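Report on the following structure.
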Amino acid sequence: MEFKQQFSSREEITTYLGQMFKGLYTGEPRAPALHGGRSASLAQLEAFKAKNYGRRNHTNAPVSRLSAYLRHGQLSMLEVAEYIRSHSQGRERDEFLKQLTWRDFFYLVLEQKGLKVLENLEEPKYPMRWVQPMPDDILEARTNLPCVDAWVSKLVDTGYLHNHERLWFAAYTVHFRQIHWQAGFAFFREHLLDGDIASNALSWQWVASTFSHKPYFMNKDNISKFSSNQWCAGCRAKCPFDKTYQTLERELFGADYGWSS
Amino acid sequence: MKLVWLHGWSLSNTDPAMVAHPDAPAIFVFDKPFLEQTRMAFPRLQFMFEAALEALAERHHSRICLGIQAEEIIAFAKLHHCTTICYSLIPSPELRRTLDALEQAGLKLEVYPVEYLTSYTGQVKRFSAFWREVEHEVLRG
Ligand SMILES: Cc1cc2nc3c(=O)[nH]c(=O)nc-3n(C[C@H](O)[C@H](O)[C@H](O)COP(=O)(O)OP(=O)(O)OC[C@H]3O[C@@H](n4cnc5c(N)ncnc54)[C@H](O)[C@@H]3O)c2cc1C
């Protein structure tokens, strides 16, 4: 089925594709938060200043949002690296280049492991009882935890989450709710504009401990600190994260492994 | 005659296969079997479509379509009497099925290599060890 290629507006594209892809997508037809295309990707690259990238772990830090453009080849890795090398300096420049290298790393792993990246690459480092599928309260942003529900809504609405939010969400589902990372991978693939087999599957495995030597997990202090207290201020939920790392380690993984010391 | 195949990792007119063959017909296919098996929210489809539109806007002969990827490419190649398919290699196992079908149909493949940030070719397992190997090359360029 061939698509037409002339449109008078973005709305027209949305309506047209809604019909053409009928039955092949989830949710309602709506335009993506980012505009697809080479010119939009260049504008995004040129708008990015690595100056405050040192704060990249904070959810309100100025990260580049280049991932969807890199994923679909509208920007190449080499051109982004070259641009940053020539437009930025110092620690921020180096930190950005290091983060970009994670993507290269994941693609090299994909090249070497192929479809095995969709299965546990290593034994989990704790006795896990992961189940599938992703429960409805998570999918529908009704966990009653304001932070978790906000991550889900943001993911679904914008097709994007900050790296730290992805890590927290993954740790919440895999360790606090004991959902198999493969269900998280599929949920992210459904919604992320940058969703890709390498970075997505391998990051979930990194959190789960099947591609790292310990599971990634966080407590309330960590969420509060890196989100500028965005959700914790005034939160009345029964917070599963409000514990020391040592307590969480025992509760989540069944023993004192010394991962938090 | 050559045909450029754009896939989901190469949606730009700066794709190396596009740059190498500025006058060749070019095609992008949304793979229907993949979409039938995989839950995908609508915005991603539009994002890719917009990228494909811009990538192909200047091409004399181009097509964006929905169908079985290999079949669509073969049909478009026939239409334009193309016997070679040019594309950028990406280490995605998802492309393998299509490439096998193109070869079985007697088409030649002209491959443009993946662009990595580093020239590292060893086995990789942990990022920290990998970073120690490549840090100098990545930071220096
Ligand atoms: C559970 C989980 C799933 C993820 N799934 C994906 C995915 O499907 N696709 C994807 O591109 N990234 C994925 N990431 C990695 C990372 O979260 C995103 O690349 C990043 O948040 C994109 O935002 P940005 O472009 O503003 O990043 P910036 O911080 O501005 O970084 C610049 C670029 O470097 C690369 N990069 C930076 N950090 C990472 C990282 N940790 N891993 C891999 N690449 C990185 C990205 O291409 C990014 O666009 C995932 C992370 C987690 C924890």
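The values are calculated or read from the model by the stated rules, or taken from the named source; none is laboratory data. Remember, predicted model here, so these are calculated numbers, not experimental data. Note that we place each Cβ from the backbone using ideal geometry, even for glycine, and neighbour counts take in every protein chain shown. For accessibility, only protein heavy atoms count, side chains too; no ligands or nucleic acids. Shrake-Rupley method; radii C 1.70, N 1.55, O 1.52, S 1.80 Å.
Share of antiparallel DSSP beta bridges in the protein assembly as shown, in percent to the nearest 5? Within the protein assembly as shown, antiparallel bridges account for around 5 percent of the total. Shielding of peptide A:66-72 by partners, expressed as the average count of other chain Cβ atoms within 10 Å per residue Cβ, is 4. With respect to chain A, whose longest principal axis is taken over its alpha-carbon atoms, helix A:197-208 is tilted by about 10°. Chain A contacts chain B over a buried accessible area of about 5900 Å², both sides summed; the probe is 1.4 Å and only protein chains count.
Positive contributions from Lys and Arg (+1) and negative ones from Asp and Glu (-1), summed over other residues with Cβ under 14 Å from the Cβ of B:HIS136, come out at 0.
The packing ranking of peptides B:1-11, A:83-93, highest mean first, is B:1-11, A:83-93, where packing means the average number of other beta carbon atoms within 10 angstrom of each residue.
Packing around the peptides A:28-34, B:77-83, B:61-67, taken as the average count of other Cβ atoms within 10 Å per residue, puts them in this order, highest first: B:61-67, A:28-34, B:77-83. Using a probe radius of 1.4 angstrom, the carbon and sulfur fraction of the accessible surface of segment B:2-115 is 52%. Per residue of A:35-43, other chain Cβ atoms within 10 Å of the residue Cβ number 6 on average.
Among the residues of A:1-8, the average count of other protein chain beta-carbon atoms within 10 Å of the residue beta-carbon is 5. Cα convex hull, segment A:83-204: 134 Å³ per residue, rounded to a whole number. What the phi angles of segment A:157-173 give under the Karplus curve with 6.51, -1.76 and 1.60, with θ = phi - 60°, is a coupling list of 6, 10, x, 8, 9, 4, 3, 5, 5, 5, 5, 4, 4, 5, 5, 4, 5 Hz, glycine and proline written as x. Interface residues of segment B:44-62, defined as a loss of at least 40 Å² in heavy-atom accessible area between the chain alone and the complex of all protein chains with a 1.4 Å probe, are B:ARG44, B:LEU45, B:GLN46, B:PHE47, B:PHE49, B:GLU50, B:LEU53, B:GLU54.
Kirkwood analysis of the protein assembly as shown, using all unique Cα-Cα pairs, places the hydrodynamic radius at 22.5 Å. About its Cα centre, the dipole of segment B:2-115 is roughly 200 debye, where the only charges are +1 on Lys and Arg Cβ and -1 on Asp and Glu Cβ.
For segment B:2-115, the solvent-accessible area with a 1.4 angstrom probe is 41 square angstrom per residue. Neighbours of A:GLY159, meaning other residues whose beta-carbon lies under 12 angstrom from its beta-carbon, give a summed charge of +3 when Lys and Arg score +1 and Asp and Glu score -1. Under the classification rounded if a/c is under 1.5, otherwise prolate if a/b is larger than b/c and oblate if not, where does segment A:67-139 fall, given a ≥ b ≥ c as square roots of the Cα gyration tensor eigenvalues? Since a/c reaches 1.5 and a/b is larger than b/c, the shape of segment A:67-139 is classed as prolate. Let me make sure I get this right: for segment B:2-115, a, b and c are the square roots of the gyration tensor eigenvalues over alpha carbons, sorted descending. Under 1.5 in a/c it's rounded, otherwise prolate if a/b > b/c, else oblate. Which is it? Because its axes are fairly even, with a/c under 1.5, segment B:2-115 counts as rounded. With all protein chains in place and a 1.4 Å probe, the accessible surface of segment A:2-113 carries 48 percent carbon and sulfur. The residues of segment B:119-141 occluded by other protein chains by 40 Å² or more of accessible area, set against the chain on its own, are B:VAL124, B:LYS125, B:ARG126, B:PHE127, B:PHE130, B:TRP131, B:VAL138, B:LEU139; surface from heavy atoms, 1.4 Å probe. Comparing A:ILE197, A:THR26, A:TRP168 along the charge dipole axis of chain A, the residue lying farthest to the positive side is A:TRP168, per the Cβ-charge model. Per residue, the solvent-accessible area of chain A (1.4 Å probe, heavy atoms of protein chains only, all protein chains present) comes to 45 Å². If you take all other residues with their beta carbon under 11 Å from the beta carbon of B:ALA55, and give Lys and Arg +1 and Asp and Glu -1, the sum is -2. Comparing Cα centroids, segment A:106-183 and segment A:228-255 end up 18 angstrom apart.
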